[in-house]
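K.L.:
Please find one structure pasted underneath; my questions will follow.
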Amino acid sequence: MKMRGVEVAQFGGPEVLDFRDDLEAPVVGDREVLVRNHFAGVNFKDLILCRGEYHGGNPDLPFVPGIEAAGVITEVGTEVTDFRVGQRVVYMTGSMASQHNRCYAEYNVVESSACIQEIPDDVSYEVACALVIQGLTMHYLISDCFTPEPGDAVLVHGGGGGLGLLMISRLKALGATVLTTASQPAKQEAARAQGADYVIDYTACDFSDAVREAFPGGVRCVFDGIGKPTFLKGLACLQKKGTMVLYGNAGGAHPDPIAPTLLTQLGSLTLKRPALYDYVENQAEFQRRQGELFELYRQGDINLDNLTIAPLEEVAALHEAMLGRRVVGKSLLKI
Ligand SMILES: NC(=O)c1ccc[n+]([C@@H]2O[C@H](COP(=O)([O-])OP(=O)(O)OC[C@H]3O[C@@H](n4cnc5c(N)ncnc54)[C@H](OP(=O)(O)O)[C@@H]3O)[C@@H](O)[C@H]2O)c1
């Protein structure tokens, strides 16, 4: 069977994303389900994988990008007992290897024991898809890496991005005072609407000066998904015994190595460098966290007002806009 999808045959920028209507649809294995994808999420990691610059290794070429999707099961393998045809599901795929991407396409096969879960009746495909990678990341960063006490001041970089907006809404729900950085008026506005207390236009000032002006003693935690451009200045924003959670390098390079004694000199700081796949290691953990995210969404503690939805055919333009930092919030491809 032929299907619509996006193929990358050589590493590069958005121009290597080739939309096609003649890709071979996958054939379901004994322990797999075949999912007709309705939405695929777009993540910053997709851009890095397409460039062939992922720190964990590169996919084999050619590959279909995309690491999360929501859709309906159209076929189940002979040994599958826990999923059925017609079920609405959301799932994420494993690692950087080519056989684990494949979400930017009409159909995908997923191991029935992998990170896949039924979507509750009161949750749409769009919302379910928007809560996978970025939702799970927000969930483990705040529940496992640093959980604020009410009133704690916390700095979140990239507050107008997909993960940034989710982080702000959750931190506010927990009673934190949230400072955030964002480069453009639309992102700054979205961060404010999400409840951020201090929105720093870091293109107009030094963000660390702005943080120290608001909190001379420093903040308790910095969540940094930008990397080298912000890391060292972020450490200097922390109060004694503060925590730096470094979780990405959207700004390009990874930070240079530091001496452990720097953490001591700056006030007995804690540095964490976590990755999602260590916090979602199996289906049970995926379903537990995803279930809690659905509940937070129902309670209004997660706001997804800023979804950007583009047709699959326009994938290259969407990647281009993300690279150009023009996208506010979470991006989805409608398939
Ligand atoms: N470790 C993990 O488990 C994990 C899991 C998921 C995601 N991540 C990481 O989390 C970060 C955010 O991911 P996301 O999916 O939320 O991405 P996103 O929606 O594209 O947001 C990223 C933000 O980074 C900022 N940025 C700074 N320098 C940039 C540059 N040179 N190019 C593009 N953007 C730049 C942009 O905000 P401004 O324009 O306002 O600066 C942008 O809104 C990424 O580093 C990603 O790799 C880590």
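The values are calculated or read from the model by the stated rules, or taken from the named source; none is laboratory data. Since this is a predicted model, take the numbers as computed values, not measurements. A quick note on method: Cβ atoms are made from the backbone with ideal geometry, for glycine too, and the neighbour counts reach across all protein chains shown. Accessible surface areas use protein heavy atoms only, side chains included; no ligands, DNA or RNA. Shrake-Rupley method; radii C 1.70, N 1.55, O 1.52, S 1.80 Å.
K.L.:
Taking L262, is it among the hydrophobic types (A, V, I, L, M, F, W, C) and crowded, with 16+ Cβ neighbours inside 10 Å?
P.N.:
Details: among the hydrophobic types (A, V, I, L, M, F, W, C): yes; crowded, with 16+ Cβ neighbours inside 10 Å: no.
So L262 does not fit the description; no.
K.L.:
Considering only residues that are of a type in the set (D, E) and buried (at least 21 other Cβ atoms within 10 Å of the Cβ), which ones fall in the stretch 212-235?
P.N.:
Within the stretch 212-235, the subset of a type in the set (D, E) is 213, 224.
Selection gives D224 alone.
K.L.:
Something else: Here is a list: G162, G175, G158. Which entry is in contact with a helix residue (DSSP H, G or I) (Cβ under 6 Å, 6 or more places away or on another chain) and within 21 Å of R212 (Cα to Cα)?
P.N.:
Details: G162 fails: within 21 Å of R212 (Cα to Cα); G175 fails: in contact with a helix residue (DSSP H, G or I) (Cβ under 6 Å, 6 or more places away or on another chain).
Step by step, each of G162, G175, G158 is checked, and only G158 is in contact with a helix residue (DSSP H, G or I) (Cβ under 6 Å, 6 or more places away or on another chain) and within 21 Å of R212 (Cα to Cα).
K.L.:
Quick one: which of T147, T180 is within 16 Å of the ligand (Cβ to nearest atom), out of contact with any Lys or Arg (no Cβ under 6 Å at 6 or more places or on another chain) and hydroxyl-bearing (S, T, Y)?
P.N.:
Numbers: T147 fails: within 16 Å of the ligand (Cβ to nearest atom).
Result of the check over T147, T180: T180.
K.L.:
Given the criteria away from the ligand (no atom under 16 Å from the Cβ), surrounded by fewer than 24 Cβ atoms within 10 Å (Cβ to Cβ), at pLDDT 95 or above and more than 15 Å from the chain's Cα centre (by Cα), does V80 qualify? It would help to see each step written out before you state the result.
P.N.:
Values: away from the ligand (no atom under 16 Å from the Cβ): yes; surrounded by fewer than 24 Cβ atoms within 10 Å (Cβ to Cβ): yes; at pLDDT 95 or above: yes; more than 15 Å from the chain's Cα centre (by Cα): yes.
The answer is yes for V80.
So that you can scan it fast, the table gives a plain yes or no per residue for (1) assigned to a strand (DSSP E or B); (2) touching a residue at least 60 places away in the same chain (Cβ under 8 Å); (3) away from the ligand (no atom under 16 Å from the Cβ); (4) open to solvent by less than 40 Å² (accessible area, probe 1.4 Å):
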residue: E15; (1), (2), (3), (4): no, yes, yes, no
residue: D21; (1), (2), (3), (4): yes, no, yes, no
residue: G29; (1), (2), (3), (4): no, yes, yes, yes
residue: G41; (1), (2), (3), (4): yes, yes, no, yes
residue: V72; (1), (2), (3), (4): yes, no, yes, yes
residue: R102; (1), (2), (3), (4): no, yes, yes, no
residue: V110; (1), (2), (3), (4): yes, yes, yes, yes
residue: A114; (1), (2), (3), (4): no, yes, yes, yes
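Residue-wise test of (1) within 16 Å of the ligand (Cβ to nearest atom); (2) of a type in the set (G, A, S); (3) in contact with a strand residue (DSSP E or B) (Cβ under 9 Å, 6 or more places away or on another chain).
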| position | (1), (2), (3) |
| --- | --- |
| G248 | yes, yes, yes |
| G252 | yes, yes, no |
| G267 | no, yes, yes |
| A275 | yes, yes, no |
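K.L.:
Looking only at the stretch 150-206, count every residue that is assigned to a helix (DSSP H, G or I), buried (at least 21 other Cβ atoms within 10 Å of the Cβ) and without any contact (Cβ under 8 Å) to a residue 60 or more places away in the chain and tell me the total.
P.N.:
Residues that pass the stated criteria total 4.
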